[in-house]
Amino acid sequence: MSSFYEHTLETINGESCSLKKYAGRVCLVVNVASECGKTPQYQGLQVIYDEYRDRGFEVLGVPCNQFGSQEPGNEKEIRAFCTNNYGITFPMFAKVDVNGAGRNSLYAWLTEQDTQPDGAGDISWNFTKFLVNREGQVGARFGPDVEPESTDLLKAINVAL
């Protein structure tokens with residue numbers, strides 16, 4: 001597959017979602033977890049979603065339990081946690097693996113893309129961010145330590161928009 005839009009994910013509500021739905025929009029795809037030291041990044045993700053969504057921007061939250069078993073809940077529990085603790089309104093998806101033989105096909109594709117500043121390869125931890133441009137290509141990858149409201153990430157979002 002050569003485009004983000006060729007993939008499908010299951011929503012947190014159990015419905016199939018073709019990523020073609022986001023064609024022409026800039027998407028920040030983030031593997032998230034509820035019991036991680038970086039979990040407060042949910043707040044910043046919601047802030048940038050609110051700020052940029054009217055300009056064609058989406059944050060896509062994809063739960064993963066591969067790093068320290070920090071996303072142990074089921075989809076209903078994850079949805080409740082995100083809503084109750086962070087008021088999350090951006091799209092959330094069902095839990096997937098992002099590394100290894102059983103990784104989700106979207107993450108297999110994302111991690112093959114050699115982008116700046118973090119390049120290609122396996123994901124190191126929760127809250128790794130992939131910025132997908134309006135053409136469905138990965139424009140940038142940011143590691144877990146890059147906060148959602150960081151200058152570098154906001155600059156990349158603004159350039160993509």
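Pull up the range 139-158, narrow it to residues that are assigned to a loop (DSSP other than H, G, I, E, B) and among the charged types (D, E, K, R), then point me to the one that is surrounded by the fewest Cβ atoms within 10 Å (Cβ to Cβ).
145
Residues of the range 78-95 being of a type in the set (A, V, I, L, M, F, W, C), farther than 18 Å from residue 27 by Cα and in contact (Cβ under 8 Å) with a residue 60 or more places away in the chain, which ones?
Hit for the range 78-95 is 78, nothing else.
For the range 112-126, check the following and say yes or no: at least one residue is crowded, with 20+ Cβ neighbours inside 10 Å, in contact (Cβ under 8 Å) with a residue 24 or more places away in the chain and either of a type in the set (Phe, Trp, Tyr) or farther than 22 Å from residue 37 by Cα (or both).
No, the range 112-126 contains no residue that is crowded, with 20+ Cβ neighbours inside 10 Å, in contact (Cβ under 8 Å) with a residue 24 or more places away in the chain and either of a type in the set (Phe, Trp, Tyr) or farther than 22 Å from residue 37 by Cα (or both).
Filter the range 19-40 for residues that are farther than 21 Å from residue 99 by Cα and either among the aliphatic types (A, V, I, L, M) or out of contact with any helix residue (DSSP H, G or I) (no Cβ under 8 Å at 6 or more places or on another chain) (or both) and give the result.
Within the range 19-40, 21, 23, 24, 25, 26, 40 meet the criteria.
Scan the range 49-66 and report the pairs whose first residue is at positive phi and whose second residue is hydrophobic (A, V, I, L, M, F, W, C) and assigned to a strand (DSSP E or B), with Cβ atoms within less than 7 Å and a gap of 6+ or a chain change.
Listed pairs, sorted by first residue: 56/26.
Does residue 136 qualify as being in contact (Cβ under 8 Å) with a residue 40 or more places away in the chain, under 22 Å from residue 3 (Cβ atoms), assigned to a loop (DSSP other than H, G, I, E, B) and not β-branched (Val, Ile, Thr)?
yes
A short reminder: the numbers here are calculations on the coordinates, not readings from a lab. In this text, all values refer to a predicted model and were calculated from it rather than measured experimentally. Counting neighbours? That spans all protein chains shown, and the Cβs are built from the backbone with ideal geometry, glycine included.
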